[in-house]
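One structure below.
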Amino acid sequence: MIAKDFRLSAKDLVGCRYRTVLDYLGEDLDLRSEVGGRRHQHRAEHTQKVVRNISALQPVTQVLIDDNQDEVDHFLATLEAIASGAPLIAGGLLLGSGQQSQPELLVRTDGGTGSSPGVTYAPVFIVAHKIFDRRTVAAESGPLAVDTLRLGLSTPVPHPKLRTKPRHFDSVIAGQAHALLSELGCAADMVGLIGFDDSKAVFESATAVRDVYATALRRTRHALAAARGELAPVPMGTYPVAPRKVRECRTCRHWQRCEAELAAADDISLLVPGDRGAEFRARGISTLTALADDPAAGEMAALARAWKLQLPALRKRDAVTAPRADVEIDIDMEAYLEHGCYLWGTFDGQQYRPFVTWGELGGREEAENFAAFWQWLSARRADAAAAGQTCLVYCYAAQGENHWLRTSARRFAQWSDELPGLPTLAEIEEFIASDQWVDMFRVVKKQLVGPYGLSLKTVAPIAGFQWRDAEPDGEASLEWYRRGLRTRLLEYNEDDCRSTAVLRQWLDGGGAQLLPTVAQCSPSVPKPAQR
């Protein structure tokens, strides 16, 4: 059964084509995963804020649709706004060729006023992620950009101090909108994006995204044609005929159904998701049972056995340990998207100390909080050195902490003369490169391997640690921050800090020795027959 009035949106053109096929067949269209729902809400709120700020300074034509009106009414209202020659259109809907696109803004680019035959519009999408970095030193050239509040009033110009962060999905959504505007005969030669840093709208040539979109559309249409029985399905690659676990499964509304199908099929992607299992499938190994019995698969065969036996982890080596010191400090930070880091949690083996601010991020208050955290940490390190003690500072997966250490040092450098303890970027880099800064994820990864991954939430429970929160999750913490659940955030952060300490003690204290080794779970290699 085909879903009524199914039209391809940009999300249908990227990622898992099997999801698109299930949507096309009308499967569970009214469902949205909890994580997906949170992300949708964050994007909607970010969009509303940007459009509201623009509307405060210049007229914006809002395409408002009643709940009783359908997509066609929405589309016709958008056409009326385009025909009027409005400089900025918000909330429009574009339809055509079995597709739909909803650019948050349509920006008139032909320089005219009022309705005219030559009116052209550039689609501008407001996305909930980072689309550019700021350079400290200007490059020879830069992307075209314009102040967001000047959209429709100023022409985008090169910004040599910006460096774009291209994403495949961004190219697809922009290319689709440009194609649908082209069908209407009013497409400009550029497309735009506004990201988390909504001070600038960044533009690029429509030519740059056209081929990316066309390839995605072709692949998706092939998958749908296969679902209708019009084309032979391709068992490998981009046209799946059955579910396969990929990165986006955790946020997909179809995951419960697909997981059951994959488990029934003993599918290899449960352990080796996405294209990582291609080499095994090419050798005819498509099930976990076959992988577990393949001596040539090495460590992956052992992991397949661990999966089937529900073993959480295996040892890579006989002896497992962890770096220890006289003074041990565990750190975990919490940030709200790209707006700022509001919490630096610390645990010294005795006491949890949160350095936290609940005020506006990105300004003096956050700078003061960061300075207080760094001053405390520096004092503890200095005291240990003065006492002749060793000192180590730990975190788990240092990428996030390193990012916010560096970002905070750069962002708040303007207050370096006013705030005692505020570090320079050079001080931060020296600390990150030092032997005192220990990434426990790297320690674990060198010694353990697990069929369910090695995230902190996966490994720490093996060591006996349990979070107080029923759903400890970094993405969920964004919702807690939005709702002002301060106690829940502090408890979650404290547990993150304490969990790395428990994990370290478990590794160094012999608890991990109870885990089987990779060799013990590997299939034996048959000996050659004796003559």
Residue, surrounded by the fewest Cβ atoms within 10 Å (Cβ to Cβ), within region 265-281, restricted to residues that are under 24 Å from the mean Cα position of the chain (by Cα) and in a loop (DSSP other than H, G, I, E, B): PRO273
Tally of residues being without any contact (Cβ under 8 Å) to a residue 60 or more places away in the chain and of a type in the set (A, V, I, L, M, F, W, C) across region 473-492: 2
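Checking the condition part of a helix (DSSP H, G or I) and either within 30 Å of SER269 (Cα to Cα) or open to solvent by less than 60 Å² (accessible area, probe 1.4 Å) (or both), which residue from TYR452, TYR481 passes?
Numbers: TYR452 fails: part of a helix (DSSP H, G or I).
On inspection, the qualifying residue turns out to be TYR481.
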Region 493-515 residues that are under 23 Å from ARG317 (Cβ atoms) and assigned to a loop (DSSP other than H, G, I, E, B), paired with ones that are open to solvent by 10 Å² or more (accessible area, probe 1.4 Å) and among the basic types (Lys, Arg) (beta carbon under 9 Å, 6 or more apart): LEU515/ARG315
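Just the residues that are within 29 Å of the chain's Cα centre (by Cα) and surrounded by fewer than 17 Cβ atoms within 10 Å (Cβ to Cβ), please, taken from region 252-264. I'd like the intermediate steps shown before the answer.
Of region 252-264, the ones within 29 Å of the chain's Cα centre (by Cα) are 252-263.
Result: GLN256, ARG257, GLU259, ALA260, GLU261, ALA263.
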Only listed residue being modelled with pLDDT under 95 and in contact with a Phe, Trp or Tyr (Cβ under 9 Å, 6 or more places away or on another chain), chosen from GLU338, GLU328: GLU338
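Condition first: over 29 Å from the mean Cα position of the chain (by Cα), open to solvent by 20 Å² or more (accessible area, probe 1.4 Å) and either modelled with pLDDT of 95 or more or among the aliphatic types (A, V, I, L, M) (or both). Can you find one or more residues in region 154-166 that meet it? Lay out the reasoning, then the answer.
At the first step, the residues of region 154-166 found to be over 29 Å from the mean Cα position of the chain (by Cα) are 154-155, 157.
Applying the additional criterion that residues be open to solvent by 20 Å² or more (accessible area, probe 1.4 Å) yields 154-155, 157.
Then keep just the ones that are either modelled with pLDDT of 95 or more or among the aliphatic types (A, V, I, L, M) (or both); that gives 157.
There is at least one residue in region 154-166 that is over 29 Å from the mean Cα position of the chain (by Cα), open to solvent by 20 Å² or more (accessible area, probe 1.4 Å) and either modelled with pLDDT of 95 or more or among the aliphatic types (A, V, I, L, M) (or both).
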Residue within region 107-117 that is open to solvent by less than 30 Å² (accessible area, probe 1.4 Å) and in a strand (DSSP E or B) present: yes
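Quick check on region 344-393: of everything there that is aliphatic (A, V, I, L, M) and surrounded by fewer than 16 Cβ atoms within 10 Å (Cβ to Cβ), which residue is nearest to ARG411 (Cα to Cα)? Working first, answer last.
Of all residues in region 344-393, those aliphatic (A, V, I, L, M) come to 356, 361, 367, 371-372, 377, 379, 382, 384-387, 392-393.
Restricting the remaining residues to those that are surrounded by fewer than 16 Cβ atoms within 10 Å (Cβ to Cβ) gives 379, 382, 385-387.
On the way: ALA379: 23, ALA382: 25, ALA385: 30, ALA386: 31, ALA387: 34 Å.
Taking the candidates together, the pick is ALA379.
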Top-ranked residue of region 15-34 - restricted to ones that are among the hydrophobic types (A, V, I, L, M, F, W, C) and open to solvent by 20 Å² or more (accessible area, probe 1.4 Å), ranked as modelled with the highest pLDDT: CYS16
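Going residue by residue through region 464-471, is there one that turns out to be in a helix (DSSP H, G or I), among the small types (Gly, Ala, Ser) and at pLDDT 90 or above? Before the answer, list the steps.
At the first step, the residues of region 464-471 found to be in a helix (DSSP H, G or I) are none.
Within region 464-471 (the criterion being in a helix (DSSP H, G or I), among the small types (Gly, Ala, Ser) and at pLDDT 90 or above), the answer is no, since none of the residues qualifies.
Looking at LEU151, LEU184, LEU193, LEU180, can you tell me which residue is open to solvent by 60 Å² or more (accessible area, probe 1.4 Å) and either over 23 Å from the mean Cα position of the chain (by Cα) or under 20 Å from GLU104 (Cβ atoms) (or both)? Steps first, please.
On the way: LEU151 fails: open to solvent by 60 Å² or more (accessible area, probe 1.4 Å); LEU193 fails: open to solvent by 60 Å² or more (accessible area, probe 1.4 Å); LEU180 fails: open to solvent by 60 Å² or more (accessible area, probe 1.4 Å).
Only one candidate passes the filter, namely LEU184.
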Pick from region 59-74, criterion closer than 25 Å to THR148 by Cα and modelled with pLDDT of 90 or more, ranking: surrounded by the fewest Cβ atoms within 10 Å (Cβ to Cβ): PRO59
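The values are calculated or read from the model by the stated rules, or taken from the named source; none is laboratory data. Remember, it's a predicted structure, so these values are computed and weren't measured experimentally. Glycine gets a Cβ as well: all are built from the backbone with ideal geometry, and neighbour counts include every protein chain shown. Accessible surface areas use protein heavy atoms only, side chains included; no ligands, DNA or RNA. Shrake-Rupley method; radii C 1.70, N 1.55, O 1.52, S 1.80 Å.
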